[in-house]
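Remarks on the structure that follows.
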Amino acid sequence: MGYLDAQAGDGGRTAFRRAEKKYKLYKQSTTHKHSSCRSRMEIPVTDLSQVIDFERIRDGDGVTRLDHSDFPVYALEGHTGFFFIPRAVPHDQQFHWIREALTVFPEPPNRTSHSAHYGPLFGLWSSATKKGVLSPTGPENGDLFVRKWEFADPGEERKQEGVVSATALLRKLRWATLGVQFDWSKRAYDISIPYRSFPPALSELATKLASPAMNGDQFRAEAAIVNFFGPDDMLGGHIDDMEADWSKPIVSISLGCKAIFLLGGETRDDPPVAMFLRSGDCVLMAGPSRRCFHGVPRIFTGCKESDLPDFSALAMGEIKENVAILDYIQQSRININIRQVF
């Protein structure tokens, strides 16, 4: 993925980068005049008037509703192969996939954004909910420094340097990969890396949602990257170009807090279209749209802006884990991007 340089100067900004800057979350420190109180962080108002809202489509948005028997599907003018399916995943299924994304998908042999530094980590979610810590274990073997890591419950951690809070690691989790694993150093899928079979229920869901882009063929879910976003996170403009057949769609399912999605053209100089993504929405990118730069410059947290479904009934009276999941997703967004690799 080609991430943009967030430090580029205004003079060198592309149309895509200017849009990212427009919608990005900014915080500014303010103090009231004649006040001795310390400054506080405020979020300036962002102009969202040009953002397409698929729940309130306006004349001039360039949106067309397509004929589809199973669910509403929309196409976007000038972006062949792009499809938008609002609220494609029901509330109870959304909560199920949020739970899976936090408790199952980061487990080895799946790789995560922590794997390069810590190796395989078992039980991240469980340890985070117990306020546990990650402790280094293992000896130094000759000239090769071999270090392993294990989660420990509070008070049981070893008296060593390098102990890390499991809660902090969970908040810093940025991605996990499912199915056939992607080797980021080689920018290629590698079937020699151990992997778990793609989750059958997620495969079934992806196959169903992919149908508007498949022209009668059947989608095969073989790999996925699960992205985790916190309140200040963004995903820079990039193209997903590692799959063999670009005629097959990427099936992208949004969960959690509302976000802005930018869909540009084949270069960063093409002005992107901005649209809202809500929990349960699905985006398909196939054919020509696979060559388009896209990204997520902003997510909206807080009860007034997140547009989260009411998951409280699913968490009430249930195990403590569900309450922790609800607390997490109120400040987060999860995106499951499913691909046919071969």
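The values are calculated or read from the model by the stated rules, or taken from the named source; none is laboratory data. What you see is a predicted model, and the numbers here were worked out from it, not measured in a lab. Positions of Cβ are backbone-derived with ideal geometry, glycine not excepted, and every protein chain shown enters the neighbour counts.
See the values below:
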| read-out | value |
| --- | --- |
| So E321, is it over 23 Å from I85 (Cα atoms) and over 18 Å from the mean Cα position of the chain (by Cα) | yes |
| Qualifying position, being in a loop (DSSP other than H, G, I, E, B), modelled with pLDDT of 90 or more and crowded, with 16+ Cβ neighbours inside 10 Å, among L169, L121, L134 | L121 |
